[in-house]
Amino acid sequence: MSEQNDLSTLKLYATRPHPCSYLPGEDATTVFIDPTASLDAALYSELSRYGFRRSGANVYRPHCENCQACVPIRLMVNNFKPNRSQKRCLKNNRDLTITVVHTIDTPEHYALYEKYINKRHCDGDMFPASHAQYTDFLTAEWGVTEYLEMRDANNKLIALAVTDTLDHGLSAVYTFFDPDEAHRSLGNFAVLHQIQYAQNNNLTFIYLGYWIRKCQKMNYKINYRPYQVLIDQHWVTVTDYPPEIEAKGQLL
(Lines give C-alpha, C1' and ligand atoms only; values in the text may rest on other atoms or scores of the structure.)
Protein backbone atom coordinates (compact mmCIF):
# COMPACT_ATOMS: atom_id res chain seq x y z
CA MET A 1 0.00 0.00 0.00
CA SER A 2 1.42 3.42 -0.91
CA GLU A 3 1.93 6.28 1.56
CA GLN A 4 -0.84 8.17 -0.22
CA ASN A 5 -3.28 5.33 0.33
CA ASP A 6 -2.16 5.01 3.94
CA LEU A 7 -2.91 8.68 4.52
CA SER A 8 -6.29 8.48 2.80
CA THR A 9 -7.46 5.66 5.05
CA LEU A 10 -6.46 7.25 8.34
CA LYS A 11 -9.35 8.24 10.57
CA LEU A 12 -9.29 11.64 12.26
CA TYR A 13 -11.04 12.54 15.49
CA ALA A 14 -11.67 16.03 16.85
CA THR A 15 -11.73 17.18 20.44
CA ARG A 16 -14.48 19.38 21.78
CA PRO A 17 -13.62 23.10 21.85
CA HIS A 18 -11.58 23.91 24.95
CA PRO A 19 -9.74 27.01 26.26
CA CYS A 20 -6.65 27.74 24.17
CA SER A 21 -3.35 27.33 26.00
CA TYR A 22 -1.70 30.12 24.01
CA LEU A 23 -4.27 32.83 23.23
CA PRO A 24 -6.42 33.99 26.17
CA GLY A 25 -10.11 34.14 25.43
CA GLU A 26 -9.89 31.80 22.44
CA ASP A 27 -11.25 28.27 22.12
CA ALA A 28 -9.17 25.54 20.53
CA THR A 29 -10.04 22.34 18.70
CA THR A 30 -7.52 19.62 17.92
CA VAL A 31 -7.76 16.80 15.40
CA PHE A 32 -5.76 13.66 16.05
CA ILE A 33 -5.00 10.46 14.24
CA ASP A 34 -6.96 7.38 15.30
CA PRO A 35 -4.86 6.02 18.20
CA THR A 36 -5.54 2.46 17.02
CA ALA A 37 -4.03 3.15 13.58
CA SER A 38 -0.81 1.37 12.65
CA LEU A 39 1.70 4.17 12.30
CA ASP A 40 5.32 3.67 11.35
CA ALA A 41 8.34 5.88 10.71
CA ALA A 42 7.49 6.49 7.04
CA LEU A 43 3.88 7.48 7.73
CA TYR A 44 4.91 9.67 10.65
CA SER A 45 7.38 11.47 8.35
CA GLU A 46 4.65 12.03 5.77
CA LEU A 47 2.22 13.38 8.36
CA SER A 48 4.88 15.88 9.47
CA ARG A 49 4.82 17.34 5.95
CA TYR A 50 1.13 18.12 6.52
CA GLY A 51 1.74 19.95 9.77
CA PHE A 52 1.07 17.14 12.24
CA ARG A 53 2.98 16.81 15.53
CA ARG A 54 3.11 14.20 18.22
CA SER A 55 2.63 14.23 21.97
CA GLY A 56 3.66 10.84 23.23
CA ALA A 57 2.09 8.39 20.79
CA ASN A 58 -0.72 10.80 19.82
CA VAL A 59 -0.32 12.55 16.45
CA TYR A 60 -2.34 15.75 16.11
CA ARG A 61 -2.71 19.21 14.62
CA PRO A 62 -4.85 22.25 15.52
CA HIS A 63 -8.13 22.60 13.66
CA CYS A 64 -9.94 25.60 15.12
CA GLU A 65 -13.10 26.79 13.41
CA ASN A 66 -12.55 30.53 13.75
CA CYS A 67 -8.79 30.81 14.16
CA GLN A 68 -5.75 29.96 12.03
CA ALA A 69 -3.13 31.41 14.35
CA CYS A 70 -1.20 28.12 14.79
CA VAL A 71 1.12 27.97 11.79
CA PRO A 72 3.36 24.91 11.23
CA ILE A 73 7.00 25.98 10.95
CA ARG A 74 10.18 24.20 9.88
CA LEU A 75 13.75 25.44 9.58
CA MET A 76 15.81 25.05 6.41
CA VAL A 77 19.10 23.83 7.84
CA ASN A 78 21.21 23.83 4.66
CA ASN A 79 20.91 27.59 4.30
CA PHE A 80 21.07 28.46 7.97
CA LYS A 81 23.66 30.94 9.19
CA PRO A 82 23.71 31.84 12.89
CA ASN A 83 23.29 35.49 13.77
CA ARG A 84 25.42 37.27 16.34
CA SER A 85 23.27 36.24 19.29
CA GLN A 86 23.21 32.61 18.16
CA LYS A 87 26.99 32.56 17.71
CA ARG A 88 27.32 33.86 21.26
CA CYS A 89 24.97 31.12 22.49
CA LEU A 90 27.08 28.45 20.80
CA LYS A 91 30.25 29.91 22.30
CA ASN A 92 28.76 30.10 25.81
CA ASN A 93 27.87 26.40 25.67
CA ARG A 94 30.98 24.98 24.04
CA ASP A 95 31.92 23.39 27.39
CA LEU A 96 28.91 21.07 27.25
CA THR A 97 29.18 17.40 26.40
CA ILE A 98 26.28 16.16 24.27
CA THR A 99 25.44 12.47 24.15
CA VAL A 100 22.66 10.59 22.37
CA VAL A 101 20.84 8.19 24.69
CA HIS A 102 17.85 5.97 24.01
CA THR A 103 16.05 6.04 27.34
CA ILE A 104 15.33 8.69 29.96
CA ASP A 105 13.67 6.37 32.43
CA THR A 106 15.96 7.38 35.31
CA PRO A 107 15.51 9.48 38.47
CA GLU A 108 18.11 11.95 37.17
CA HIS A 109 16.20 12.67 33.99
CA TYR A 110 12.84 12.96 35.71
CA ALA A 111 14.22 15.27 38.42
CA LEU A 112 15.39 17.70 35.73
CA TYR A 113 12.00 17.58 33.99
CA GLU A 114 10.12 18.11 37.26
CA LYS A 115 12.28 21.11 38.19
CA TYR A 116 11.81 22.62 34.73
CA ILE A 117 8.01 22.25 34.66
CA ASN A 118 7.47 23.39 38.23
CA LYS A 119 9.68 26.47 37.91
CA ARG A 120 9.22 27.52 34.29
CA HIS A 121 5.64 26.44 33.57
CA CYS A 122 3.83 26.78 36.88
CA ASP A 123 1.06 28.70 35.09
CA GLY A 124 0.55 26.08 32.37
CA ASP A 125 -1.58 22.99 31.94
CA MET A 126 1.43 20.71 32.54
CA PHE A 127 1.83 21.94 36.12
CA PRO A 128 2.42 20.25 38.45
CA ALA A 129 4.75 17.72 36.89
CA SER A 130 4.07 14.04 37.48
CA HIS A 131 5.93 10.90 36.54
CA ALA A 132 2.92 9.58 34.61
CA GLN A 133 2.78 12.78 32.56
CA TYR A 134 6.52 12.58 31.93
CA THR A 135 6.32 8.99 30.73
CA ASP A 136 3.27 9.52 28.50
CA PHE A 137 4.53 12.78 26.97
CA LEU A 138 8.17 11.93 26.20
CA THR A 139 7.87 8.37 24.97
CA ALA A 140 10.03 7.01 22.16
CA GLU A 141 7.92 6.10 19.15
CA TRP A 142 8.31 4.09 15.91
CA GLY A 143 12.06 3.63 16.39
CA VAL A 144 12.81 7.27 15.47
CA THR A 145 13.26 8.97 18.84
CA GLU A 146 16.58 10.01 20.35
CA TYR A 147 17.35 11.93 23.52
CA LEU A 148 20.17 14.46 23.42
CA GLU A 149 21.75 14.81 26.85
CA MET A 150 23.66 17.99 27.62
CA ARG A 151 26.09 17.85 30.55
CA ASP A 152 28.42 20.45 31.98
CA ALA A 153 32.11 20.05 32.86
CA ASN A 154 31.11 18.40 36.16
CA ASN A 155 28.97 15.84 34.31
CA LYS A 156 25.81 17.41 35.66
CA LEU A 157 22.78 16.93 33.41
CA ILE A 158 21.51 20.44 32.65
CA ALA A 159 19.38 19.97 29.52
CA LEU A 160 17.76 17.32 27.38
CA ALA A 161 16.24 17.55 23.91
CA VAL A 162 13.78 14.95 22.63
CA THR A 163 14.07 14.67 18.86
CA ASP A 164 12.58 12.40 16.20
CA THR A 165 14.42 11.51 13.00
CA LEU A 166 12.19 11.77 9.93
CA ASP A 167 13.11 10.70 6.41
CA HIS A 168 13.78 14.33 5.50
CA GLY A 169 14.54 16.09 8.75
CA LEU A 170 14.23 16.19 12.51
CA SER A 171 11.18 16.92 14.60
CA ALA A 172 12.09 18.80 17.78
CA VAL A 173 9.56 17.22 20.13
CA TYR A 174 10.48 18.90 23.41
CA THR A 175 13.40 20.37 25.34
CA PHE A 176 13.70 20.83 29.09
CA PHE A 177 16.58 22.25 31.09
CA ASP A 178 17.77 23.43 34.48
CA PRO A 179 16.11 26.82 35.18
CA ASP A 180 19.15 27.78 37.25
CA GLU A 181 21.19 27.77 34.04
CA ALA A 182 19.02 30.37 32.30
CA HIS A 183 22.10 32.46 31.40
CA ARG A 184 23.10 29.76 28.91
CA SER A 185 19.94 30.11 26.78
CA LEU A 186 19.69 26.34 26.67
CA GLY A 187 16.42 26.28 24.75
CA ASN A 188 18.05 28.20 21.91
CA PHE A 189 21.19 26.10 22.18
CA ALA A 190 19.15 22.91 21.83
CA VAL A 191 17.70 24.18 18.53
CA LEU A 192 21.15 25.22 17.29
CA HIS A 193 22.59 21.84 18.15
CA GLN A 194 19.75 20.03 16.38
CA ILE A 195 20.45 22.17 13.29
CA GLN A 196 24.06 21.00 13.39
CA TYR A 197 22.92 17.43 14.01
CA ALA A 198 20.64 17.57 10.96
CA GLN A 199 23.38 19.07 8.79
CA ASN A 200 25.80 16.32 9.82
CA ASN A 201 23.22 13.67 8.89
CA ASN A 202 22.23 15.21 5.54
CA LEU A 203 18.73 16.10 6.71
CA THR A 204 16.95 19.14 5.30
CA PHE A 205 14.51 20.44 7.90
CA ILE A 206 13.95 20.93 11.62
CA TYR A 207 10.26 20.92 12.53
CA LEU A 208 9.53 23.24 15.46
CA GLY A 209 5.81 22.66 15.78
CA TYR A 210 3.58 25.72 15.55
CA TRP A 211 4.31 29.42 15.51
CA ILE A 212 1.71 31.87 16.83
CA ARG A 213 2.48 35.45 16.05
CA LYS A 214 0.61 36.89 19.05
CA CYS A 215 2.18 34.44 21.51
CA GLN A 216 5.48 35.79 22.85
CA LYS A 217 6.61 32.30 23.88
CA MET A 218 6.64 31.33 20.20
CA ASN A 219 8.73 34.24 18.91
CA TYR A 220 12.03 32.39 19.18
CA LYS A 221 10.96 30.07 16.35
CA ILE A 222 11.31 32.74 13.68
CA ASN A 223 14.83 33.71 14.75
CA TYR A 224 16.37 30.86 12.74
CA ARG A 225 16.42 32.00 9.12
CA PRO A 226 15.46 30.83 6.59
CA TYR A 227 12.37 28.93 7.61
CA GLN A 228 9.17 27.72 6.01
CA VAL A 229 5.56 28.02 7.17
CA LEU A 230 2.67 25.90 5.99
CA ILE A 231 0.01 28.12 4.41
CA ASP A 232 -2.99 26.59 2.62
CA GLN A 233 -1.13 23.26 2.53
CA HIS A 234 1.91 24.79 0.80
CA TRP A 235 5.27 25.38 2.47
CA VAL A 236 6.24 29.03 1.99
CA THR A 237 9.89 30.05 2.42
CA VAL A 238 10.62 33.08 4.59
CA THR A 239 14.02 34.76 4.75
CA ASP A 240 12.90 38.05 6.33
CA TYR A 241 9.71 39.15 8.09
CA PRO A 242 6.86 37.69 6.04
CA PRO A 243 4.56 40.57 5.00
CA GLU A 244 3.18 38.51 2.12
CA ILE A 245 1.99 35.89 4.61
CA GLU A 246 0.56 38.48 6.97
CA ALA A 247 -1.40 39.88 4.05
CA LYS A 248 -3.14 36.53 3.69
CA GLY A 249 -4.57 37.02 7.16
CA GLN A 250 -3.09 33.72 8.29
CA LEU A 251 -1.00 35.10 11.16
CA LEU A 252 -3.36 37.65 12.63
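The values are calculated or read from the model by the stated rules, or taken from the named source; none is laboratory data. On a predicted model such as this, the values are computed, not experimentally measured, just so you know. As a convention, Cβ positions derive from the backbone with ideal geometry for all residues, glycine included, and neighbour counts pool all protein chains shown.
If I ask for residues that are touching an Asp or Glu at 6+ places or on another chain (Cβ under 7 Å) and in contact (Cβ under 8 Å) with a residue 24 or more places away in the chain, which ones from segment 124-158 would you list? Give the derivation first.
We begin by selecting, within segment 124-158, every residue touching an Asp or Glu at 6+ places or on another chain (Cβ under 7 Å); these are 129, 142, 144-145, 152-153, 157-158.
Across segment 124-158, the qualifying residues are Trp142, Val144, Thr145, Asp152, Ala153, Leu157, Ile158.
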What single numbered condition from (1) loosely packed, with under 13 Cβ neighbours inside 10 Å; (2) farther than 22 Å from Asn155 by Cβ fails to hold for Gln86?
-> (1)
Taking segment 179-209, which residues are surrounded by 19 or more Cβ atoms within 10 Å (Cβ to Cβ) and touching a Gly at 6+ places or on another chain (Cβ under 9 Å)?
-> Ala198, Leu203, Phe205, Ile206, Tyr207
Where a residue in segment 85-96 is closer than 17 Å to Tyr224 by Cα and its partner, wherever it lies, is assigned to a loop (DSSP other than H, G, I, E, B), with Cβ under 7 Å and at least six apart = Cys89/Ser185; Leu90/Pro82
Pick from segment 226-241, criterion farther than 17 Å from Tyr50 by Cβ and loosely packed, with under 11 Cβ neighbours inside 10 Å, ranking: modelled with the lowest pLDDT | Tyr241
Is it the case that some residue within segment 147-159 is out of contact with any Gly (no Cβ under 7 Å at 6 or more places or on another chain) and closer than 20 Å to Tyr210 by Cβ?
-> no
Which condition does Ala37 not pass, out of (1) closer than 20 Å to Leu208 by Cα; (2) in contact with a Leu (Cβ under 6 Å, 6 or more places away or on another chain), if it passes all the others?
-> (1)
